[in-house]
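Engineer: Structure below; questions to follow.
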């Protein structure tokens, strides 16, 4: 795709909850390789806008395009299929399962079997590329909050996210974890 076509274009996004206007006619553009931060007061609509992008809320009006193609994001599965991953403030992990098992939840395998060897290789690839090393056999309940957040990021990348949304990424971290 041409570098002039944005990776993500949200145009005229409006979302209300009853009489409360969370987003009104919001435009957002993200180009390939760009890092974008949304800043604002609590209740300003940042999370709502990202939930619209992730298919958790339907916009009342507006359009979303990824690489110039309009997309309909009616559910998080639609967003994942379009290459949008989201790390929420509150993690979506299974504490009694291992890091690797959490990565494989919801994955489809050939003939009904999951490819654990392939998943380990993919985890190693992501860990090496982004410096997000995790022990694949460690239980999530044994991970620090910072490691759990790292796992959520790896999980989004593992599932093919090209657009990664981090909602309040440091809100649950200790000061030591935010500096490391």
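Engineer: Could you tell me which label, among (1) 18.2, 59; (2) 16.4, 57; (3) 17.3, 51, carries the value of Rg and Dmax of the Cα atoms in Å calculated for this structure?
Structural biologist: Identified label for the calculated read-out: (3).
Engineer: Additional query: Relative contact order of the chain, please, whole-number percent, based on alpha carbon pairs below 8 angstrom and at least 6 residues apart.
Structural biologist: About 21 percent, as a whole number.
Engineer: Is the C-alpha gyration tensor of segment 62-131 telling us rounded, prolate or oblate? Criteria: a/c under 1.5 is rounded; beyond that, a/b larger than b/c is prolate, otherwise oblate.
Structural biologist: Verdict is prolate for segment 62-131.
Engineer: Another question about this same structure. Tell me, what is the FRET efficiency for residue 168 and residue 60 to the nearest 0.05, using R0 = 35 angstrom and their Cβ-Cβ distance as r?
Structural biologist: 0.90
Engineer: Between helix 116-130 and the chain, what is the angle of the helix's C-alpha long axis to the longest principal axis, kept within 0 to 90° and rounded to the nearest 10?
Structural biologist: Helix 116-130 sits roughly 60 degrees off the main axis of the chain.
Engineer: Using only the alpha-carbon atoms, what does segment 1-82 span along each of its principal axes? Please give whole angstrom values in decreasing order.
Structural biologist: Projected onto the principal axes, the Cα atoms of segment 1-82 cover 40, 25, 19 Å.
Engineer: Hey, with R₀ at 25 Å, roughly what FRET efficiency would residue 30 and residue 141 work out to, going by the Cβ-Cβ distance, to 0.05?
Structural biologist: Step by step, r from the Cβ atoms, then E = 0.10.
Engineer: Then there is this: Hey, what angle do you get for helix 145-158 against the long axis of the chain, alpha-carbon based, 0 to 90 degrees rounded to 10?
Structural biologist: That works out to roughly 80 degrees.
Engineer: Based only on other Cβ atoms within 10 Å, what is the fewest-to-most ordering of 65, 19, 171?
Structural biologist: 19, 171, 65
Every number here is computed from the coordinates shown, using simple stated rules; none is lab data. Just so you know, these numbers come straight off a predicted model, no measurement behind them. With ideal geometry, Cβ positions are generated from the backbone for all residues, glycine too; neighbour counts draw on all protein chains shown.
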